[in-house]
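The next block holds one structure in the form of structure tokens; read it before the comments.
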């Protein structure tokens with residue numbers, strides 16, 4: 001196990017740490033509930049590649065897992081690094097996505113597991129923001145209003 005990570009406390013921790021050891025990162029998925037959309041985020045990209053962790057909201061857990069794994073693969077193979085303000089093609093079928101810095105004020109609510117893993121040491125996070133079917137992002141006037149609650153914007157670019 002990576003000496004910078006804490007000792008596992010349960011079987012889930014063992015699985016996460018094993019995944020990070022084997023692949024370099026792990027994607028955690030949090031299902032939607034009555035108040036918040038589902039989301040997924042990576043752990044391990046910062047520790048192994050000095051690349052910001054990634055988080056995204058509002059698509060199916062399966063799709064977000066696939067997108068974040070594709071991004072992790074590209075980072076691990078040194079094919080691509082993602083930066084705040086960057087529009088990236090090829091992660092979401094038929095659309096680009098935009099990456100935005102996530103402010104540390106969002107870590108407690110959405111990234112508690114990553115905080116435990118990194119032992120409360122600071123680590124950067126980028127949000128992968130997806131457009132609606134017309135290609136509008138949440139900050140565009142034409143973005144579909146009914147999708148706004150599916151994708152909270154945690155940061156800035």
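How much length, in nm to one decimal, is gained on full extension between residue 10 and residue 60, taken as 0.36 nm per residue of separation minus their Cα-Cα distance?
15.4 nm
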TODO: Just the number, please: percent antiparallel of the DSSP beta bridges in the chain, rounded to the nearest 5.
DONE: 85 percent
- [ ] On a C-alpha basis, how far is the centre of region 39-114 from the centre of region 131-157 in Å? Whole number, if you could?
- [x] 17 Å
- [ ] Please report Rg over Rh for the chain, where both radii come from the alpha carbon positions and Rh follows the Kirkwood definition.
- [x] 0.95
Task: Surface/4 estimate of mean projected area, convex hull on alpha-carbon atoms of region 1-44, nm² - done: 3.6 nm²
- [ ] Mind pulling the per residue volume of the convex hull built on the Cα atoms of region 108-157? Å³ is fine.
- [x] 90 Å³
TODO: Output the relative contact order of the chain, whole-number percent, from Cα pairs under 8 angstrom with separation of 6+ residues.
DONE: 21 percent
- [ ] Could you compute the FRET efficiency for residue 77 and residue 108, with r as their C-beta to C-beta distance and R0 at 25 Å, rounded to 0.05?
- [x] 0.20
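Quick note: the coordinates plus some simple rules give every number you see, no bench work behind them. Everything numeric here is computed off the predicted structure, so don't read it as measured data. With ideal geometry, Cβ positions are generated from the backbone for all residues, glycine too; neighbour counts draw on all protein chains shown.
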